[in-house]
Amino acid sequence: MAYVYDDQNIFARILRGEIPNKTVLETEHSLAFHDIGPQAPCHVLVIPRGAYVSYDHFTAEASDAEILDFSRAVGEVCRMMEVSPAGTGQGYRLISNTGDHGHQEVPHLHVHVLGGRSLGRMLEALD
Ligand code: 5GP
């Protein structure tokens with residue numbers, strides 16, 4: 001298993017401060033910001049600060065502190081964006097597209113937090 005990370009990807013550039021972002025949450029190991037092309041009223045991306053291309057890369061090589069921080073950051077964003085049904089929200093969906101079949105555009109691990117409207121069924125069924 002060989003994980004390859006391209007440090008010129010757009011999220012690496014955001015992390016280096018080369019490209020602006022609309023920040024939602026900053027933690028020691030994670031950053032959350034609004035997606036530039038929102039597909040729902042809430043569309044926030046949560047990324048680790050470390051150089052990881054995918055969730056499987058992250059969980060194979062990140063420290064426990066990074067994994068804990070990232071996991072908590074995702075949950076915190078759900079609460080902050082008021083999409084949690086435990087608060088005033090009506091639910092949300094977490095998506096982490098990976099590789100060609102996952103249609104991943106940006107090769108830095110990110111979790112999409114989508115909510116604020118009904119999101120329909122998860123996937124179209126196979127024929
Ligand atoms: P993916 O298909 O890799 O899961 O999604 C990448 C997401 O990154 C897309 O939803 C796209 O709109 C978003 N995105 C791409 N470039 C930028 C950018 O420069 N800034 C922000 N905030 N989002 C971006």
>> Nearest 500 deg cm²/dmol is fine: what mean residue ellipticity at 222 nm does the chain get from its DSSP H runs of n ≥ 4 alone, each adding -39,500 (n - 2.57), divided by its residue count?
In response: -7000 deg cm²/dmol
> Quick one: if you take sqrt(5λ) for each eigenvalue of the C-alpha gyration tensor of the chain, what semi-axes come out, biggest first, whole angstrom?
Replying inline: 23, 18, 15
>> Run through segment 1-59 and list the trypsin sites (Lys or Arg not before Pro) located in a DSSP loop whose Cβ has at most 14 other Cβ atoms within 10 Å.
In response: Arg16, Lys22
> Distance from the Cα centre of segment 74-127 to that of segment 1-56, in angstrom?
Replying inline: 15
> Separation between the Glu105 and Ala86 pseudo-spin-labels, each 7 Å from Cα along Cα→Cβ, expressed in nm?
Replying inline: 3.1
>> Counting only other residues whose beta carbon sits under 10 Å from that of Glu66, what net charge do I get with K and R as +1, D and E as -1?
In response: -3
> Measuring with a 1.4 Å probe in the full set of protein chains, what accessible area per residue, in whole Å², belongs to segment 10-115?
Replying inline: 55
>> Let's see if you can work this out: charge +1 on each Lys and Arg Cβ, -1 on each Asp and Glu Cβ, no other charges. What is the dipole magnitude of segment 12-127 about its Cα centre, in debye to the nearest 20?
In response: 420
> Looking only at Glu76, Glu18, Glu66, which one moves most when the chain is put into a Gaussian network model with springs between Cα atoms under 10 Å?
Replying inline: Glu18
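The values are calculated or read from the model by the stated rules, or taken from the named source; none is laboratory data. Since the model is a prediction, treat every value here as computed from it, not as a measurement. Cβ: placed from backbone, ideal geometry, glycine included. Neighbour counts: every protein chain shown. Note: accessible area is taken over every heavy atom of the protein model, side chains too, but ligands, DNA and RNA are not part of it. Shrake-Rupley method; radii C 1.70, N 1.55, O 1.52, S 1.80 Å.
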